[in-house]
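Peer 1: Just dropping this structure here.
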Amino acid sequence: MEDQIISREDKIALFAKLVATNPLAVLKGDTIPYTSMNGNMYSYFSKEGVLALRLPEKERREFLEKYNTTLMEAYGIVQKEYVVVPDSLLQNTDELKPWFESSYIYVGLMKPKPTKGKKKG
């Protein structure tokens, strides 16, 4: 299968299609579309047009090896828990879905981050 160049808009539509496979997942953000639960982000679409998925260590190693990809890098910092989703995989929602589910479950087990509500007093 040849690599096709797909637009950022098409990639975002594919990301939205992926998020829709989980009825509890909500796509947020306009410029940087992302998903999060309890204040913990588990997937996002970078300005550069790259989908990053947050995975637990075992799945992360497996994903990196299986898809010959790398950890996500943003602003010169390697994000240790995020993998780069290759465009060819982004175009295969059925194959990507279990990884997205793994990411969703992983973050669901994390301690909720405190909300940044208004302070009383």
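The values are calculated or read from the model by the stated rules, or taken from the named source; none is laboratory data. Because the structure is predicted, anything quoted here is derived from the model rather than measured. We place every Cβ from the backbone using ideal geometry, glycine too, and count neighbours over all the protein chains shown. These area figures cover heavy atoms from the full protein model, side chains too; ligands, DNA and RNA do not enter into them. Shrake-Rupley method; radii C 1.70, N 1.55, O 1.52, S 1.80 Å.
Peer 1: Sort 63-70, 37-44, 93-100 by the packing proxy (mean of other Cβ within 10 Å over each peptide's residues), most packed first. All intermediate terms of the calculation are to be shown ahead of the outcome.
Peer 2: Numbers: 63-70: 12.9, 37-44: 19.0, 93-100: 15.9.
In descending order of packing, they fall as 37-44, 93-100, 63-70.
Peer 1: Within the chain, what whole-number % of the accessible surface is contributed by carbon and sulfur, with the 1.4 Å probe and all protein chains included in the calculation?
Peer 2: On the way: 4340 of 8050 Å².
Carbon with sulfur: 54 percent of the solvent-accessible area.
Peer 1: So for the stretch 52-121, what percent of the C-alpha to C-alpha distances run longer than 19 Å?
Peer 2: On the way: 996 of 2415 pairs.
Cα-Cα pairs of the stretch 52-121 separated by over 19 Å account for 41 percent.
Peer 1: Give me the accessible area per residue for the stretch 1-66, probe 1.4 Å, as a whole number in Å². Can you show the working numbers first?
Peer 2: Details: 4070 Å² over 66 residues.
That works out to 62 Å² per residue.
Peer 1: Counting only pairs 8 or more places apart or on different chains, how many lysine pairs in the chain have C-alpha atoms closer than 14 Å? All intermediate terms of the calculation are to be shown ahead of the outcome.
Peer 2: Values: K11/K47; K17/K28; K17/K97; K58/K66; K58/K80.
Lysine pairs meeting both conditions in the chain amount to 5.
Peer 1: Could you please tell me the mean projected area of the C-alpha convex hull for the chain, averaged over all directions and given in square nanometres to one decimal? Write down the numbers at each step before the final one.
Peer 2: Numbers: hull surface 35.7 nm².
Averaged projected hull area, Cα only: 8.9 nm².
Peer 1: List the residues, sorted by chain then number, that are 5 or more residues from Q79 or on another chain and whose placed amide H is less than 5 Å from its amide H.
Peer 2: Amide H neighbours of Q79: M72, E73, A74.
Peer 1: If I model a spin label as a point 7 Å beyond the Cα along the Cα-Cβ vector, how far apart are those points for N22 and I5 in nm?
Peer 2: Between N22 and I5, the label points sit 3.2 nm apart.
Peer 1: Also, I was wondering about something else. Just to confirm a number: summing +1 for Lys and Arg and -1 for Asp and Glu over residues other than L14 whose beta-carbon lies under 14 angstrom from that of L14, what do you get? Write out the running numbers ahead of the final one.
Peer 2: Working: positive: R8, K11, K17, K97; negative: E9, D10, D87, D94, E95.
Net of charged neighbours comes to -1.
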